[in-house]
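Have a look at the structure below, then the notes.
The values are calculated or read from the model by the stated rules, or taken from the named source; none is laboratory data. None of these values were measured; they are calculated from a predicted model. Glycine also receives a Cβ, built like all others from the backbone with ideal geometry; neighbour counts cover every protein chain displayed. Ligands, DNA and RNA are stripped out before the accessible areas are found, and what is left, the full protein with its side chains, is counted by its heavy atoms. Shrake-Rupley method; radii C 1.70, N 1.55, O 1.52, S 1.80 Å.
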Amino acid sequence: MRKRVWVGLFAVLLGAFALAQQAVPKLTPEEMERAKEIYFQQCAGCHGVLRKGATGKNLEPENLLKQGKGVDYLKTIITNGFGGMPAWGKLGILSPEEVDLMARFLLNPVPEPPPWTFAEAKATWRVLVPVNERPKAPETKRNWENYFGVILRDVGKVAIVDGDTKELVAILPTGYATHILRSSKDGRYFYTIGRDGWAKIIDLWMEKPKVVAEMRACLDARSIDTSKYEGYEGKYAIIGCYWPSAFLVVDGQTLEPIKMVSTQGYVKSQGEFLRENRVASIVSSHFSPEWIVNIKEAGQTWLVDYDKIDKKGRPVSITVIDTERFLHDGGWDKSKRYFLVAANAMKKIVVIDAKTREFVASIPVGDKPHPGRGANWVHPKYGPVWATGHIKDNKIAVIGTDPEGHPEYAWKVVKMIEAPYPGNLFIKTHPKSPWLIVDFPVAPTPEANATLCAWQKDDLEKDPICWQVPGALEKKARMVHIEFNKDGTEFWVSAWGNVDTPTFIVVYDAQTLKEKARITGDWVITPTGKFNVYNTANDIY
Ligand code: DHE
């Protein structure tokens with residue numbers, strides 16, 4: 001009897017040992033380095049460098065193993081996608097070997113991400129064209145206020161395209177997977193931030209725009225903005241970092257680092273301690289000299305005062321507002337007083353009043369709201385409204401934003417529109433266009449990825465006009481990010497394909513929705529975000 005118990009126990013231990021051996025697959029040092037690189041490029045943004053989850057699920061190995069998620073399960077998910085996650089394998093972004101590698105990597109302990117200091121950031125800082133050698137007035141005869149800065153994501157470049165003539169003006173190196181561009185208040189400078197933390201300033205007044213300053217703020221970043229408050233225009237810029245979680249205030253003309261502030265902290269000032277507490281969207285207030293800085297994992301919005309910031313050790317004044325966890329992207333309402341930001345994993349939109357500097361509302365919406373900067377217009381019944389689409393469901397939430405003129409609709413979803421697909425990332429309109437335009441780049445089918453839809457802004461009951469963009473499927477491209485020109489007469493959408501195939505940017509008439517032009521060329525590789533100088537400088541969306 002006793003012998004049988006021992007044999008049984010031995011068998012259980014052997015089984016557990018075998019499972020453990022199977023559960024933590026070995027990686028060679030070369031495989032580990034390659035997997036770390038792929039994880040940084042494709043996974044860390046959503047799941048976190050420490051894999052604790054945010055927009056994406058928690059991927060800590062102990063959790064995966066507890067849930068019985070082994071190599072085969074992970075390979076299936078990485079190949080086919082899940083929820084809003086792209087089908088990395090099916091889309092050809094990861095090869096079958098890379099899918100297998102990543103599945104094995106995820107079951108191994110989380111590697112410690114490297115640190116980054118203020119001194120290291122400062123050592124990367126270079127002024128390529130000193131301020132006194134830059135033009136005193138625009139040198140170019142082109143209508144530079146209608147330039148578009150087009151991100152060429154996978155080649156780490158930004159193209160400057162003339163919005164009037166559609167000619168390519170310049171192509172500039174801006175760093176690995178440049179994420180967004182923001183403009184100085186006067187529109188003269190584009191500020192770029194790459195996923196690798198490199199920030200650059202592009203001077204658009206030059207005959208041929210150039211990068212005039214650069215600096216690596218951190219190792220992983222998504223946001224950048226400038227000081228736009230009256231009297232401080234262009235004086236400072238701020239870079240929001242994912243890793244190490246921090247923000248860096250820099251000189252607005254040269255990018256010289258001034259102050260680095262860690263954002264590690266506690267969930268809503270009370271809960272768990274977070275080493276990975278990333279800086280998501282940042283906007284520059286029009287009511288005071290401060291930035292509204294969204295701290296993702298903690299669920300806090302920080303108001304960072306740049307009034308007293310200088311190099312001499314004076315205080316950085318920060319007001320911390322507890323809001324909702326997993327803050328991501330957002331934009332101003334029409335009056336530019338209220339900032340609306342998605343707490344995507346909480347299925348909420350948070351509203352901050354830049355005038356009173358207070359939290360206003362937390363509005364339940366659909367699954368994984370993703371507004372970009374959102375879309376503003378005046379609806380005949382609801383008054384001024386702002387809208388967001390969603391990654392995980394096919395809803396578009398229209399929210400009332402006028403507490404004074406239309407208090408009964410303010411900070412409520414006044415209309416939930418049904419889109420034909422989930423997987424929306426960006427939504428856009430312009431005061432001069434009757435249309436609300438929506439893309440579907442993370443929908444589960446290539447047909448949906450190639451489709452755009454337009455709703456009539458003043459009659460949301462009407463069915464949308466949806467069309468598949470000719471040529472997108474053939475190029476395996478996802479139509480992404482809508483941007484209007486300065487006059488609001490046309491909008492541009494990128495065909496985001498693979499790095500080895502040039503694609504195109506389509507230009508549509510903002511009244512008729514007819515294709516007007518197509519921007520093509522060898523250089524049109526993986527175009528994603530596009531930023532019109534005038535609209536970006538003036539927060540028109
Ligand atoms: Fe973005 C905005 C983060 C994936 C293109 N993206 C933002 C902002 C954040 C963010 C925090 C708001 C910046 C601001 O306003 O200050 N994005 C992230 C991610 O963490 C995420 C989910 C995963 C990642 O690893 O980066 C992610 N984003 C993407 C993409 O896959 C897109 C389509 C292409 C790319 O570059 O990887 C993409 N994100 C954009 C664009 C904007 C943006 C074009 C600016 C929109 C605008 O109109 O302002």
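Before moving on, here are some points about what is shown:
- Matching residues in the range 130-151 - criterion: being open to solvent by 20 Å² or more (accessible area, probe 1.4 Å) and in a loop (DSSP other than H, G, I, E, B): PRO130, LYS136, ALA137, PRO138, GLU139, LYS141, ARG142, ASN143
- Residue in the range 7-20 that is open to solvent by less than 50 Å² (accessible area, probe 1.4 Å) and either on the phi > 0 side of the Ramachandran plot or modelled with pLDDT of 90 or more (or both) present: no
- Any hit, the range 506-519, residues being crowded, with 21+ Cβ neighbours inside 10 Å, in a strand (DSSP E or B) and within 15 Å of the ligand (Cβ to nearest atom): no
- Condition check for GLY234: modelled with pLDDT under 95 and in a loop (DSSP other than H, G, I, E, B): yes
- Test: residue in the range 321-335 that is at positive phi, away from the ligand (no atom under 14 Å from the Cβ) and not in a strand (DSSP E or B): no
- Selection status of LEU107, in contact with a helix residue (DSSP H, G or I) (Cβ under 8 Å, 6 or more places away or on another chain), among the hydrophobic types (A, V, I, L, M, F, W, C) and farther than 30 Å from ILE482 by Cα: yes
- Residue that is surrounded by the fewest Cβ atoms within 10 Å (Cβ to Cβ) [pool: residues in the range 462-483 that are under 21 Å from GLY372 (Cα atoms) and away from the ligand (no atom under 15 Å from the Cβ)]: CYS466
- Considering the conditions (1) without any contact (Cβ under 8 Å) to a residue 40 or more places away in the chain; (2) in a loop (DSSP other than H, G, I, E, B), THR254 is excluded by exactly one of them, (1).
- Every test in (1) assigned to a loop (DSSP other than H, G, I, E, B); (2) within 16 Å of the ligand (Cβ to nearest atom); (3) surrounded by fewer than 24 Cβ atoms within 10 Å (Cβ to Cβ) is passed by CYS218 save one, and that test is (3).
- Odd one out for GLY265, checked against (1) open to solvent by less than 20 Å² (accessible area, probe 1.4 Å); (2) within 16 Å of the ligand (Cβ to nearest atom): (2)
- Residue match in the range 380-391 (condition: within 16 Å of the ligand (Cβ to nearest atom), open to solvent by 10 Å² or more (accessible area, probe 1.4 Å) and either in contact with a helix residue (DSSP H, G or I) (Cβ under 9 Å, 6 or more places away or on another chain) or assigned to a strand (DSSP E or B) (or both)): yes
- Test result for TRP523, in contact (Cβ under 8 Å) with a residue 40 or more places away in the chain, open to solvent by 20 Å² or more (accessible area, probe 1.4 Å) and more than 13 Å from the ligand (Cβ to nearest atom): yes
- In the range 480-499 there is no residue that is of a type in the set (S, T, N, Q) and without any contact (Cβ under 8 Å) to a residue 40 or more places away in the chain.
- Scanning the range 189-215 for residues that are in contact with a Leu (Cβ under 9 Å, 6 or more places away or on another chain), within 13 Å of the ligand (Cβ to nearest atom) and open to solvent by 10 Å² or more (accessible area, probe 1.4 Å) yields one hit, ASP196.
- Reported count of residues in the range 327-351, each being open to solvent by less than 30 Å² (accessible area, probe 1.4 Å) and either of a type in the set (Phe, Trp, Tyr) or in contact with a Phe, Trp or Tyr (Cβ under 9 Å, 6 or more places away or on another chain) (or both), is 13.
- Meets criteria (more than 13 Å from the ligand (Cβ to nearest atom), touching a Phe, Trp or Tyr at 6+ places or on another chain (Cβ under 9 Å) and among the charged types (D, E, K, R)) for LYS486: yes
- Residue count for the range 431-442, restricted to those that are open to solvent by 10 Å² or more (accessible area, probe 1.4 Å) and more than 12 Å from the ligand (Cβ to nearest atom): 4.
Residue-by-condition table, conditions (1) away from the ligand (no atom under 14 Å from the Cβ); (2) under 27 Å from GLU324 (Cβ atoms); (3) crowded, with 17+ Cβ neighbours inside 10 Å; (4) in the same structural domain as ASP439 (by TED's automatic domain parsing):
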{"site": "MET32", "(1), (2), (3), (4)": "yes, no, no, no"}
{"site": "ILE38", "(1), (2), (3), (4)": "no, no, yes, no"}
{"site": "CYS43", "(1), (2), (3), (4)": "no, yes, yes, no"}
{"site": "THR55", "(1), (2), (3), (4)": "no, yes, yes, no"}
{"site": "PRO61", "(1), (2), (3), (4)": "yes, no, yes, no"}
{"site": "LYS75", "(1), (2), (3), (4)": "yes, no, yes, no"}
{"site": "GLY81", "(1), (2), (3), (4)": "no, yes, yes, no"}
{"site": "LEU91", "(1), (2), (3), (4)": "no, no, no, no"}
{"site": "PRO111", "(1), (2), (3), (4)": "yes, no, no, no"}
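- Each residue in the range 352-376 was checked for being open to solvent by less than 30 Å² (accessible area, probe 1.4 Å) and within 16 Å of the ligand (Cβ to nearest atom), and 10 of them qualify.
- Summed over the range 170-187, residues that are open to solvent by less than 10 Å² (accessible area, probe 1.4 Å) and either in contact with an Asp or Glu (Cβ under 8 Å, 6 or more places away or on another chain) or without any contact (Cβ under 8 Å) to a residue 12 or more places away in the chain (or both) total 3.
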